[in-house]
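Report on one structure; see the data block that follows.
The values are calculated or read from the model by the stated rules, or taken from the named source; none is laboratory data. The structure displayed is predicted, hence computed values, not measured ones. Neighbour counts are summed over all protein chains in view; Cβ atoms, including those assigned to glycine, are modelled from backbone coordinates with ideal geometry.
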Amino acid sequence: MELHVDGIFRYEFTVPESAIDGNGHVNNVAYVQWMQDVAVRHATASSSADGMGGGAGIWVARSHYIEYLRPAFAGDRVQANTWIADLRRVRARRRYRFVRPFDGAVLAQGETDWVFINPATGRPRSIPDEIRQAFAVVPDE
């Protein structure tokens, strides 16, 4: 797990057999789970104030978008890259890119629109400054 000065969080893992579908490659749903997992890892690594909300609120996914580009298989090493592309009053747009380091193939890429929610009311609330300051916004390429 590694956070670079470029604001991109990188995490490598090996594709488990449990992620393989009937077609013999990684199931599409596994990528959505990996998106959530790497987002949590990034938030935890980036913020001493608990980037996940620190009790001030919770992050809820409003939408996911994912584009599948190449298949991945059990035993493949995958590098999950994630970064904050846009941070607004109550929302954060997080991007992802999954790369196979062995050959540099981009396997999938996508984004999630996260909304910061007050758990008591279920309504959006402003992202606290301590969470806001923990993340660099990486502009689109």
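Out of GLN79, GLN133, GLN109, which single residue is of a type in the set (S, T, N, Q), without any contact (Cβ under 8 Å) to a residue 60 or more places away in the chain and touching a strand residue (DSSP E or B) at 6+ places or on another chain (Cβ under 6 Å)? Matching residue, one of GLN79, GLN133, GLN109: GLN109. Residues in region 83-119 that are over 14 Å from the mean Cα position of the chain (by Cα) and of a type in the set (S, T, N, Q): ASN118 alone. Quick one: in region 20-54, of everything that is part of a loop (DSSP other than H, G, I, E, B) and either at pLDDT 95 or above or under 12 Å from ALA74 (Cβ atoms) (or both), which residue is nearest to the chain's Cα centre (by Cα)? This residue is ASN27. When the criteria are applied in full, ALA105 fails the requirement of being surrounded by fewer than 19 Cβ atoms within 10 Å (Cβ to Cβ), of a type outside the set (Asp, Glu), in contact with a helix residue (DSSP H, G or I) (Cβ under 6 Å, 6 or more places away or on another chain) and farther than 29 Å from ILE131 by Cβ. Taking the listed residues ALA72, ALA120, ALA136, the one that is within 21 Å of VAL32 (Cβ to Cβ) and small (Gly, Ala, Ser) is ALA72, with no other qualifying. Residues of region 1-19 that are in contact with a Phe, Trp or Tyr (Cβ under 7 Å, 6 or more places away or on another chain) and either at pLDDT 95 or above or buried (at least 19 other Cβ atoms within 10 Å of the Cβ) (or both): PHE9, VAL15.
Being under 23 Å from PRO119 (Cβ atoms) and hydroxyl-bearing (Ser, Thr, Tyr) is the requirement here; does SER46 meet it?
Details: under 23 Å from PRO119 (Cβ atoms): yes; hydroxyl-bearing (Ser, Thr, Tyr): yes.
So SER46 passes the test.
Scanning region 111-141 for residues that are farther than 19 Å from GLY7 by Cβ and charged (D, E, K, R) yields a total of 2. Within the set ARG123, ARG62, the sole residue that is charged (D, E, K, R), in contact (Cβ under 8 Å) with a residue 24 or more places away in the chain and surrounded by fewer than 18 Cβ atoms within 10 Å (Cβ to Cβ) turns out to be ARG62.
Filtering region 102-127 to residues that are within 14 Å of ALA43 (Cα to Cα) and outside any strand (DSSP E or B) leaves only ILE127.
In region 12-27, the residues that are touching a residue at least 24 places away in the same chain (Cβ under 8 Å) and at positive phi form no Cβ pair under 8 Å with any partner that is outside any strand (DSSP E or B) and surrounded by fewer than 10 Cβ atoms within 10 Å (Cβ to Cβ), whether six or more places apart or across chains.
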